[in-house]
Amino acid sequence: MADDPDRLNAPLPWHAACWERVCTLRETDRLPHALLLSGVRGMGKDRFARLLAHALLCETPADAAMPCGTCRSCRLTQAGTHPDLHRCAPEEDKSIINIDQIRAIGRFLELKAHYTGRKVILIDPADQMNLSAANGLLKMLEEPPAGVHLILLSHRPAALPATVRSRCQRLTLALEDPRPALDW
C-alpha cells in the first residue's frame, strides 16, 4: 500500500496542517521566497519539500494546489530532469555543502525559467553548509530574483547562522498526534 503512486504524490497525513498553511500562503500570493523546513529526522521533510517544489512548478495545479501529474512540468519533475529545479546537497563522499555549490545556485538563477516562470532550489541538509557557503547564500536570500523559491531543509536549524534563519520563514514539521502516522 505504501507504494501506491497517489499516496506518494500527496502530503503525509501528519503534514496536513503545514500543507494547508503553505496552500493558503500560495493562494493569497504570500508564499515566501525562502522556507526553512525543520523537524526531527524521519519526519518527511524531503518528501514535503519535493511535493512543494513539484506543485510550484506544475503548469496546471489540481485541487489543494497539488501537482496535476500530467503536464510537461510534472513529467519532467517526476523524471528528475526539470530544468527549473535545482537540488543542492553535499557532494559524494563529502559531509558539507561548499561555496562552489552555492555559486552554482547563483549561476542557475541567472538563467531564465523554462516553463512556469518559477525556479525552485532545494538545499538539504542546509545545516551542512560551511560558513562560506552560508554567507554566499545570504545574497540570494536577501535579494532573490522574481519567481524563485528557496527551500532549506534541516533537522538542526540552530546550526544554521542566525543571518540565514532570519531570512527564511520557518515551517516545522512535527508529529503532534501519532495516530495518523500509525494508520498510514
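The values are calculated or read from the model by the stated rules, or taken from the named source; none is laboratory data. Every value quoted in this text rests on a predicted model; they were computed, and no experiment measured them. Ideal geometry is used to build each Cβ from the backbone, glycine not excepted, and the neighbour counts take in all protein chains shown. Ligands, DNA and RNA are excluded from the accessible area calculation, which covers all protein heavy atoms including side chains. Shrake-Rupley method; radii C 1.70, N 1.55, O 1.52, S 1.80 Å.
Structure notes:
- The chain: calculated mean residue ellipticity at 222 nm from DSSP helix runs of at least 4, using -39500 (n - 2.57): -10500 deg cm²/dmol
- Backbone HN-Hα couplings from phi across the stretch 41-51 [Karplus 6.51/-1.76/1.60, Hz, Gly and Pro as x]: 4, x, 7, x, 4, 4, 4, 4, 5, 5, 5
- Accessible surface of Arg170 - all protein chains present, 1.4 Å probe, nearest 10 Å²: 120
- Charge sum, other residues only, whose C-beta stays under 13 Å from Thr163's C-beta, Lys/Arg counted +1 and Asp/Glu -1: +2
- Annotation: amide H-H contacts under 5 Å for Met129 (H modelled 1.01 Å from N, sequence separation of 5 or more, or interchain): Ile97.
- Build a GNM of the chain with springs between Cα atoms under 10 Å apart, and of Asp93, Asp127, Asp46 the one that fluctuates most is Asp93.
- Mean separation of Cα contacts under 8 Å (6+ apart) over length of the chain, as relative contact order %: 32
- Just so you know, the Rg over Rh for the stretch 51-92 is 1.04, from Cα atoms, with Rh as the Kirkwood radius.
- Evaluated over the Cα positions of the stretch 87-163, the convex hull gives a direction-averaged projected area, one quarter of its surface, of 5.1 nm².
- Residue with peak Gaussian network fluctuation, the chain [Cα springs, cutoff 10 Å], from Asp124, Asp84, Asp100: Asp100
- When the surface is traced with a 1.4 Å probe over the full set of protein chains, His33 keeps roughly 60 Å² accessible.
- Each Lys and Arg contributes +1 and each Asp and Glu -1, all at the Cβ; summed about the Cα centre of the stretch 75-155, the dipole is approximately 360 debye.
- The coefficient of translational diffusion for the chain, derived via Stokes-Einstein from the alpha carbon Kirkwood radius under 25 °C and 0.890 mPa s, stands at 145 µm²/s.
- Label-point gap, in nm, between Ser166 and Arg75 - each point 7 angstrom along Cα→Cβ: 4.7
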